[in-house]
1. Before we move on, is ARG69 charged (D, E, K, R) and within 25 Å of GLY30 (Cα to Cα)?
2. Could you list, in sequence order, all residues of the stretch 47-70 that are out of contact with any helix residue (DSSP H, G or I) (no Cβ under 9 Å at 6 or more places or on another chain) and loosely packed, with under 10 Cβ neighbours inside 10 Å?
3. Restricting the stretch 29-46 to residues that are free of Cβ contacts under 8 Å to residues at least 12 places away in the same chain and of a type in the set (A, V, I, L, M, F, W, C), which is surrounded by the most Cβ atoms within 10 Å (Cβ to Cβ)?
Amino acid sequence: MPRAFRAGTPHRDGIDAGLGEPIAIVAMAGRFPGADDVEAFWNNLCEGRDTITRFRADQLDPAINLTDRNDPAYVPARGVIEGVENALNRVRERVMERNRAFRTARSG
């Protein structure tokens, strides 16, 4: 687990973090590349796992132009969070449904 941070000790920017009382992180949530939750993310960090996905040229997003693809500094890799595309599609569908309902109500 992460090391405890004690309030009242100078923060790295020199600001006192509190009045000398211990603090606690009560809850955290998140999704990360290669980890569906904070615990899995922490395990990946502790074990030194590389969770970055590397892509072949035929797997790259077509929106990436040839100039960028051919740049020697371009790295065809990024963190991929599984299931995000599906979640974004569901949100987009809900927004479109609401827009249709709004337009229908407004025109009727």
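Where a number appears in this text, it was derived from the coordinates with a stated rule and is not lab data. Since the structure is predicted, the reported quantities are computational estimates derived from the model, not experimental observations. Quick reminder, even Gly has a Cβ in these numbers, built from the backbone with ideal geometry, and neighbours come from all protein chains shown.
1. On the way: charged (D, E, K, R): yes; within 25 Å of GLY30 (Cα to Cα): no.
Considered against the rule, which asks whether it is charged (D, E, K, R) and within 25 Å of GLY30 (Cα to Cα), ARG69 comes out as no.
2. Listed by number, the residues that qualify are GLU47, GLY48, ARG56, ASP58, GLN59, ASP61, PRO62, ALA63, ASN65, LEU66, THR67, ASN70.
3. PHE41
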